[in-house]
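The values are calculated or read from the model by the stated rules, or taken from the named source; none is laboratory data. Every value quoted in this text rests on a predicted model; they were computed, and no experiment measured them. Heads up, the Cβs are rebuilt from the backbone with ideal geometry, glycines too, and the neighbour counts pull from every protein chain shown.
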Amino acid sequence: MAEEENQFEEFEQIDFLKDRHVRFFQRTLQVLPERYASLETTRLSILFFALSGLDVLDALEVVDSKVMIEWIYSQQVLPTQDKSNLNRGGFRGSAHIGIPYSTKGPGVLHPYDSGHVAMTYTGLCSLLILGDDLSRVNKEAVLAGLKVLQIEDGSFYAVPEGSENDIRFIYCAASICYMLDDWSGMDTQKAIEYIRGSLSYDNAFGQGAGRESHGGWTYCAIASLCLMGRLDEALSPRELNRIRRWCIMRQQSGFHGRPNKPVDTCYSFWVGATLELLDVFQFTHFEKNRSFILSTQDRLVGGFAKWPDSHPDPLHAYLGLCGLSLIGEPDLRKVHPALNITQRAFQHLQQLQQTWRDNAGSCVGRQ
Amino acid sequence: HGRVKVKTTAQQEEEKRKEREKKLKVYVAARDRKDGVFDDEALQLTQQLLSANPDFATLWNYRREILTHLEDEDEAQKIYEAELSFLESCLKVNPKSYGSWHHRGWVSARLPRPDWARELRLCDRCLSLDDRNHCWDYRRMVVKMSSVPVKQELEFTDRLIGSNFSNYSSWHYRSTLLPLLHPGSPEPPPSRCDGDPPHSCSPPSPQTHFHRVCEEQLLKYELVQNAFFTDPNDQSAWFYYRWLLGREREEMISCAYVSREQERVAVAFSRPVNAQSGSLLLVLDGQPQRVEWRSVHPHFKHSPVWICDLPPGTISDIANEHNLTVHWTEKHTHRDCALYTRSESWCRDTATDLELFSELSVEKTSVLQSELQSVNQLQELEPLNKCLLTIILLMRALDPLGYEKETLAHFQTLKQEVDSMRSAYYSDLCSKFMIENTILKMEYAEVRVFSISDRQNLTTLCHLDQLLLVTHINLSSNQLRRLPPQFAMLQCLEVVEADNNSIENLEGVYHLPKLEEVSLKNNISTLADLQPLASCPKLRRLDLRGNPVTQTANVESELAELLPSVADLLL
């Protein structure tokens, strides 16, 4: 398929409608349309898109942080009195199972209650964005709940009863361990083997071994390796160069996720951030990328859609902003490419981690 | 996520759903397995809820729990088949639901009397509607469980590709099938150093396995070539093609260098490693030596070059010969270095020997020649064509120095006409290839001088791990902005010429033990930038004319303090 040149759009100065996007996320936080009902089980991740989106827009003041923080903590699976449910720890997507509202322990034992690895990841991110100090996160339970999700081949389930397993959940696990500064929740060596096994013939990553290369899974692979600090160990310079090439070739105007697929706003982040982590984002064409992302902007309702002339949704609204942030759009906060939160939230995390280390050290040698 | 929703009586549906959820909560809490009727109702309820939301993982698990308890084989067959029909209706509504596909896989695997032919037909139907998605994974499982012959699946990909060359997923599936046809184990590579036993191989990754290919496979190229001539801008076939021809580099110690007067050993690897993990062992005259390995620059925990100092007096007796061996225990490989009565010794494989830089396999030179011919023909028919990159790679595999002019010309065409969007990337790639060519020229000339200046437009430095033995380097008149930390791998460097660049960072000029002369005319260095130079003990001549630093107050006394060994300072 020949690359299409939309000449008149090429260098058009399209307006970035910041206020509309703020209102879009505000509405997301208030009420979601009926068609989102099927996403009830993953509600916390939608909260993350809205909160992080507002953070990138430097507009968090419109959020009632206190209320949000309490709601997030109410999704934490709290240990029971006898701690028999530790290996079900983590955060739920929402209260759909019917556990009574509670933000402090002890928890209630329920046969189908457990954390979901992607909800734990987005839950922790959301707390950091809201400035919480994670002091009410039960690390023991979260890490125990994480450990049981990893299987023989190194990949992770999403929930302890089992689900599909693939590289997405490795990324969630690596992010959780990174944020909590504690890698006991996963076997990183096994995870690295699974990641390497997912490297496809054309030098990008599939969801798992033998599966097709894809921009989203490539992001999960590279970001996980970066968070673990093992990028140069896991991949040879030649492999890294080939991965860079495959990723650079994903830009058509914006980015697509796989060859011969249409461009889609969210890949401006998935592939863009991967290129940033691999130190070659500066070789992409910023103007064309920007033009495409803004062509998916909804001028009335705010937010971004995956394609022009489609309905916007929180995921694409958030990732569109992140894509613009990567190219240095003014008025947007910078995003940490591996952790997918703003640098501001990341600095908050670093300060917290320093405090944790200091406290651990201060037990010894007190005068 | 991009789905088009039809608005029905939305509010009514929502109310019904809420009611069902309430009921389900009651059953879930009770969780009584003994009552069969109870199970039926639970299955009914979860079915209705899952039709509206197939991504409610807990409910699929709940159903699996119920289904697991069925004992009678006939009853199980009936109920599992009903489950499959239910799943089909779910998939019709949402063919991308992970929950549905996962559950279908689970049910199919447990069905007492599975109908794999039907499952394959389902895959065919799904793929005809959307040929890029989840169904491929399910198909792989079905093929495996029912032992569909690989040849049959290959024919399937032939049909798909024949009707649509752009189907990248089909090419991908094909790439996983071909190695199954030709499993055979790879032979160990031939020995490189005289008298050494062959290096053993670590198990190949899925990509490298295929490269020990037999002649029949070349027939596949025809299919690929047909794809190019039909639509040369389609990326699918090009990536597949480069994979067929490609190769991976083996892991080894590429060079061991010993300076007897400094009593120091430097080792270069084929890739960055962490030698501090204890995997590197030094043996002198049969005796293991207690040494501490360090990377060339504190920035790198992983580095292609590592250094250690031998205990004083061990090899400084230049009148005597010694035998030194470096063992890379992790990869079961080693390199010997005989120490003659000279102040320095080394043992290495040259870049020319290993066809180091070629990304494509040179084993089939005649094949590559004919491929280059075909691709050139295509390029003549359609000059503005992305196959230029493949042409460049083919040329580099066949004769990098011989095709240098054409390569540079093709890069210009790519940058200016064919794919100007990626011109920054192509500049970077071109810099890399020019450095590779310079290394090759240097080795053919058997000199230790690396010179790449004037008209070369170098924007970046790479392959610095190949320059361990270089004594003189000339990088003048390029577009470099820094000598990065990796530059510290040039442990034998005596003279650096880097005039007329835009250098403002000298981090890599770090503890270079033999460095005597540095020329940095017309760059943009300031006093702070020059800090790393203080780490080079033998530095005696420094040319800084045309730099902002010359305008600093008291520059001469500042530099005298920073770099006391420099007697010859030009400002």
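Candidates in region A:309-319 are the residues that are surrounded by fewer than 24 Cβ atoms within 10 Å (Cβ to Cβ) and either part of a helix (DSSP H, G or I) or touching a residue at least 12 places away in the same chain (Cβ under 8 Å) (or both); of these, the one that is farthest from the other protein chains (Cβ to nearest Cβ) is A:PRO312.
Taken as a whole, the condition of being within 10 Å of chain B (Cβ to nearest Cβ) and of a type in the set (Val, Ile, Thr) applies to A:VAL280. Of all residue pairs spaced 6 or more apart or on separate chains, those with beta-carbon atoms under 7 Å, a first member in region A:46-67 that is without any contact (Cβ under 8 Å) to a residue 40 or more places away in the chain and a second member that is assigned to a loop (DSSP other than H, G, I, E, B) are A:LEU54/A:VAL63. Here A:THR42 clears all of (1) outside any helix (DSSP H, G or I); (2) in contact (Cβ under 8 Å) with a residue 40 or more places away in the chain; (3) not basic (Lys, Arg) except the condition numbered (1). Residue-level check: of (1) buried (at least 24 other Cβ atoms within 10 Å of the Cβ); (2) more than 8 Å from every other protein chain (Cβ to nearest Cβ); (3) of a type outside the set (A, V, I, L, M), A:ARG244 misses just (1).
Among the conditions (1) in a loop (DSSP other than H, G, I, E, B); (2) within 24 Å of B:HIS299 (Cβ to Cβ), B:LEU533 misses just one, which is (1). Scan region A:119-161 for residues that are of a type in the set (S, T, N, Q), outside any loop (DSSP other than H, G, I, E, B) and either under 23 Å from A:HIS96 (Cβ atoms) or modelled with pLDDT under 95 (or both) and the total you get is 3. Residues that are of a type in the set (S, T, N, Q) and away from every other protein chain (no Cβ under 14 Å) within region A:69-119 comprise A:SER74, A:GLN75, A:GLN76, A:THR80, A:GLN81, A:SER84, A:ASN85, A:ASN87, A:SER102, A:THR103, listed in sequence order.
Let's see how each residue does on (1) more than 13 Å from chain A (Cβ to nearest Cβ); (2) within 22 Å of the chain's Cα centre (by Cα); (3) surrounded by fewer than 17 Cβ atoms within 10 Å (Cβ to Cβ):
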position: B:ASP399; (1), (2), (3): yes, no, yes
position: B:GLU404; (1), (2), (3): yes, no, no
position: B:ALA409; (1), (2), (3): yes, no, yes
position: B:SER420; (1), (2), (3): no, no, yes
position: B:CYS430; (1), (2), (3): no, yes, no
position: B:MET434; (1), (2), (3): yes, yes, no
position: B:ASN437; (1), (2), (3): yes, yes, no
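Of the residues contained in region A:300-308, one or more are found to be more than 14 Å from chain B (Cβ to nearest Cβ) and either in contact with a helix residue (DSSP H, G or I) (Cβ under 6 Å, 6 or more places away or on another chain) or basic (Lys, Arg) (or both). Within region B:526-548, residues that are without any contact (Cβ under 8 Å) to a residue 60 or more places away in the chain and under 20 Å from B:PRO485 (Cα atoms) sit with their Cβ atoms under 8 Å from residues that are among the charged types (D, E, K, R) and assigned to a helix (DSSP H, G or I), at 6+ positions apart or across chains, in these pairs: B:LEU527/B:GLU558. Among the strands (runs of 3 or more DSSP E) confined to region B:245-350, the ones with at least 1 residues that are in contact with a strand residue (DSSP E or B) (Cβ under 6 Å, 6 or more places away or on another chain) and within 14 Å of another protein chain (Cβ to nearest Cβ) are located at B:253-259, B:264-273, B:303-309. If you check B:LEU70, B:LEU87, B:LEU122 for being among the aliphatic types (A, V, I, L, M), at negative phi and not in a helix (DSSP H, G or I), only one passes: B:LEU70. Take the residues in region A:89-111 that are buried (at least 17 other Cβ atoms within 10 Å of the Cβ) and without any contact (Cβ under 8 Å) to a residue 40 or more places away in the chain; name whichever of them is nearest to the chain's Cα centre (by Cα). Among those residues, the one meeting the criterion is A:ILE97. Looking across A:ALA191, A:ALA234, one residue alone is touching a helix residue (DSSP H, G or I) at 6+ places or on another chain (Cβ under 7 Å), aliphatic (A, V, I, L, M) and over 24 Å from A:GLY145 (Cα atoms). It is A:ALA234. When region A:65-86 is filtered for residues that are within 12 Å of A:GLY145 (Cα to Cα) and buried (at least 17 other Cβ atoms within 10 Å of the Cβ), the ones remaining, listed by number, are A:GLN76, A:VAL77, A:LEU78, A:PRO79, A:ASN85, A:LEU86.
Kindly check whether there is at least one residue in region A:124-132 that is without any contact (Cβ under 8 Å) to a residue 40 or more places away in the chain and either more than 18 Å from the chain's Cα centre (by Cα) or surrounded by fewer than 17 Cβ atoms within 10 Å (Cβ to Cβ) (or both). Checked region A:124-132: no residue is without any contact (Cβ under 8 Å) to a residue 40 or more places away in the chain and either more than 18 Å from the chain's Cα centre (by Cα) or surrounded by fewer than 17 Cβ atoms within 10 Å (Cβ to Cβ) (or both). Just to be sure, is A:ASP181 within 26 Å of B:HIS299 (Cα to Cα), surrounded by fewer than 21 Cβ atoms within 10 Å (Cβ to Cβ) and more than 8 Å from chain B (Cβ to nearest Cβ)? Considered against the rule, which asks whether it is within 26 Å of B:HIS299 (Cα to Cα), surrounded by fewer than 21 Cβ atoms within 10 Å (Cβ to Cβ) and more than 8 Å from chain B (Cβ to nearest Cβ), A:ASP181 comes out as yes. Counting only helices (runs of 4 or more DSSP H) that fall entirely inside region A:171-249 and contain at least 1 residues that are of a type in the set (Lys, Arg), free of Cβ contacts under 8 Å to residues at least 12 places away in the same chain and within 29 Å of B:SER169 (Cα to Cα), the qualifying elements are A:237-248. The condition of being assigned to a strand (DSSP E or B), among the hydrophobic types (A, V, I, L, M, F, W, C) and not assigned by TED's automatic domain parsing to the domain that holds B:ARG271 holds for only one of B:ILE439, B:ILE435, B:ILE473, that being B:ILE473. Quick check on B:VAL509: is it crowded, with 21+ Cβ neighbours inside 10 Å and assigned to a strand (DSSP E or B)? Here the answer is no, as B:VAL509 does not meet what is asked.
Cβ-Cβ contacts under 6 Å between residues 6 or more apart (or on different chains), taken from a first residue in region B:271-286 that is farther than 23 Å from A:ARG238 by Cα to a second residue that is assigned to a strand (DSSP E or B), are listed as B:LEU281/B:HIS327; B:LEU282/B:VAL326; B:VAL283/B:THR325; B:LEU284/B:LEU324; B:ASP285/B:HIS322; B:ASP285/B:ASN323. Total residues in region B:161-171 satisfying the condition of being touching a residue at least 12 places away in the same chain (Cβ under 8 Å) and either under 20 Å from B:GLY105 (Cβ atoms) or away from chain A (no Cβ under 13 Å) (or both): the figure is 1.
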